[in-house]
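No value in this document is a laboratory result; all are computed from the given coordinates. Being a predicted model, the structure only gives us computed values, none of them experimental. Cβ: placed from backbone, ideal geometry, glycine included. Neighbour counts: every protein chain shown.
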Amino acid sequence: MASSPPASDDDRYEDDLWEQRTHARILVSDSEAGGIIGRGGSAVTALKSTSGALVKVSRRGQLLPGTGRRVLLVSGLFHQVMDAAEIILQKILYQGGQVIDERATVVLVVPDACCGVLIGKGGTNIKSLAEASNAGIVISRHDKHYGLQDRLVTITGNLDNQLQAIFLILSELLEDDRYSRIYAGALFLGCEDYGPDEHVERYHSRSNTPIRSPDNNDDACESLTIAIADEHIGAVIGCGGRKIREIIQFTGAWIRTSAKGEFIAGTTDREVVISGTREAINTAEGMIMHVVSAARSRSNGSAERPPLKPDTTPQQEEQSNTSDLQ
């Protein structure tokens, strides 16, 4: 097990870092997800028990947009995440004691806003990480996003090389506060570990929201209203409504935004109503928070972005017919 970091003089391997909380999102195929989950969830239960990490897999058909693959979320203390990653990679690389592909790739999902930390000036950092791990590390293009403002980090090599690369990558990401703030658990499976964002305020539930029955029926329909700063509503809706439709398709939630110019009383915030099951609402809210955080990073100049096309303005991202989408 990867209970201690590889031997190195690098101060990133100090114990205090090893005990910090982190997370990783890994792309897996349906067959790989099946092996990780196991019959009746037995394998994933054993994985959690052995590593101490929280491990969740997106449901069948709940794919990361643009990839056709499911997302495996691993979170916990750094050493727990690495212990879990080792078991997961073994399941992907080996089957029945036989090597499936000793140089199979593992793909991490990383927020675009955090990729600059990995790449470094002129690509020097990513080259250093590849040399240190003896693995191939490739980051997808900055103008090609997957899901909601995410990029893919593809790692090629044998098991030890891949684990070393994951360790180094997560070490770098821990130094970027945005990586923890844009918490992956909010994006899939309705995890509720994310923190508040001043640009997304959960301010009340509808008065006619049904009270959840004691049996916690996941099919019960509920409703949540959140307030989003007007300056960021265009990013949530997306060009022609593309982004919000993507969230609706992924979560199964119903989402309605107030019309342009219609603000919550006493504010310049727009109202967004999310309806559906508890899981759908939590997941949709988390995805919206992720989009807003990314938009805020861009507006603060902390995330590099290609310039708008000459004939495009930020206002054109928002379409007047997106106030009631389903």
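Once the Cα-Cα distance is subtracted from the 0.36 nm per residue extended length, the Cys221 to Glu175 segment shows a gain of 12.6 nm. On full extension, the segment bounded by Arg39 and Gln249 gains 72.8 nm, given 0.36 nm per residue less the C-alpha separation. Taking a cut-off of 29 Å between Cα atoms, list the lysines near Lys243, but don't count ones fewer than 8 places away on the same chain. By straight Cα distance, Lys243 reaches Lys56, Lys144, Lys260, Lys309. Put a dot 7 Å past the Cα of Glu231, heading toward its Cβ, do the same for Thr267, and the two dots end up 1.6 nm apart. Modelled label positions at Ser29 and Leu77, each set 7 Å beyond Cα in the direction of Cβ, lie 3.6 nm from each other. Each of the peptides 290-296, 158-164 was scored by the mean count of other Cβ atoms within 10 Å over its residues; in descending order, highest first, they stand as 290-296, 158-164. A simple count of charges around Leu152, restricted to other residues whose Cβ falls under 11 Å of its Cβ and scoring Lys, Arg +1 and Asp, Glu -1, yields +3. Counted residue by residue at 0.36 nm each, then reduced by the alpha carbon distance between them, the extension gain from Asp16 to Asp143 reaches 42.1 nm.
Computed from backbone phi with θ = phi - 60° and the Karplus coefficients 6.51, -1.76 and 1.60, the 3J(HN,Hα) list for segment 54-59 is 7, 10, 9, 10, 4, 5 Hz; x is used for glycine and proline. Distance between the pseudo-spin-label points of Gln90 and Asn125 (7 Å out from Cα toward the beta carbon): 3.2 nm.
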